[in-house]
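Input: a single structure, listed below in structure tokens.
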């Protein structure tokens, strides 16, 4: 039996559909969701649903019972992620899960001085807990979702003519979330991944300067990239009503890109998928010029 956590989210649901498309019977898949409403899409497919929460240890024990493989999609709750992940690892160990596949975070440094330490620390600790548990594991170190890049570029970039992000000349190896989730499911499907650590980064990297030039060429308009000081960036976002927590996350990722932490191209993901990844600039074209896609 295969259990996928976070089954109501984009990553988890894509992974489950990939399992089904690759011939895994619905009877061999269990979906972990937090609410009965989130369970509804899975019932018509014949997939067993477990109601559980990372904060509720007993619910995890119940959900993991009888399961051999767990695709452990990391929590998005930064404030409680450590305690939640501790519960998942302990529950998996207690019931005897045979293989834990964990969606971790791509990093080029494990220094607390990193702009992304607030994000990376919990992933690093979770990896250590899993290693210490003795459970056979696979770590999927995800780069930034390419799907999130338009949030940095701006929905109105073709009107404003400016990409305003304090990332300097830094580049990023972002990947579509759906491609990461598909690859995660393929790891669940095939043997030989125990003890492996995969970098789920793109085979290429781009800068915001390159993206600005690409948008300008396609639109025939002036699009420039401006890299402000981070305090100016934070103040500008605040003036547009962006919540403080989101400002902190945007700033951290931008500074990490500026320092080269997200420039980590890898062939791991493309190799697992068995095909080239969606090119970064092709995705940008699809978002801003859908009629040209």
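How many angstrom separate the Cα center of region 40-117 from the Cα center of region 132-181?
When both Cα centres are located, 22 Å separates them.
Under 8 Å for C-alpha pairs, at least 6 residues apart: give me the relative contact order for region 2-142, rounded to a whole percent.
21 percent
Taking the chain as the reference, fit the longest principal axis to its C-alpha atoms, fit the long axis of helix 230-239 to the helix C-alpha atoms, and give the angle between the two in degrees, 0 to 90, nearest 10.
Computed tilt is about 80 degrees.
First measure r as the distance between the Cβ atoms of residue 222 and residue 51, then evaluate 1/(1 + (r/R0)^6) with R0 = 45 Å and state the FRET efficiency to the nearest 0.05.
For R0 = 45 Å, the calculated efficiency reads 0.30.
Order 40-46, 247-253 from most to least packed using the mean count of other Cβ atoms within 10 Å.
247-253, 40-46
Among 205-217, 3-15, 179-191, what's the highest-first ranking by average C-beta atoms within 10 angstrom per residue?
Ranking, from highest mean packing down: 3-15, 179-191, 205-217.
Can you sort 201, 75, 83 so the residue with the fewest Cβ neighbours within 10 Å comes first?
Final ranking by Cβ density, sparse to dense: 83, 75, 201.
Once you have the Cα-Cα distance between residue 275 and residue 125, take 0.36 nm times their residue separation minus that, and quote the gain in nm to one decimal.
Going from the current span to full extension adds 50.8 nm.
Can you give the relative contact order of the chain as a percent, counting alpha carbon pairs under 8 Å and 6+ residues apart?
Computed over the chain, the figure is 18 percent.
What angle do you read, to the nearest 10 degrees and between 0 and 90, between the alpha-carbon axis of helix 10-21 and the longest principal axis of the chain?
It works out to around 60 degrees.
Using the 10 angstrom Cβ neighbour count as an exposure proxy, how do 229, 261 rank, fewest first?
Placing the least packed residue first, the sequence is 229, 261.
Counting other beta carbons within 10 Å of each Cβ, put 221, 69 in order, fewest first.
So the residues, fewest neighbours to most, are 221, 69.
What is the angle, in °, between the Cα long axis of helix 244-258 and the longest principal axis of the Cα atoms in the chain? Nearest 10 is fine, range 0 to 90.
Roughly 80 degrees between the two axes.
None of the figures in this text is laboratory data; all of them are computed from the coordinates on show. For clarity, every value in this text was computed on a predicted model and none was experimentally measured. Here the Cβ is made from the backbone with ideal geometry for all residues, glycine too, and neighbour counts use every protein chain on show.
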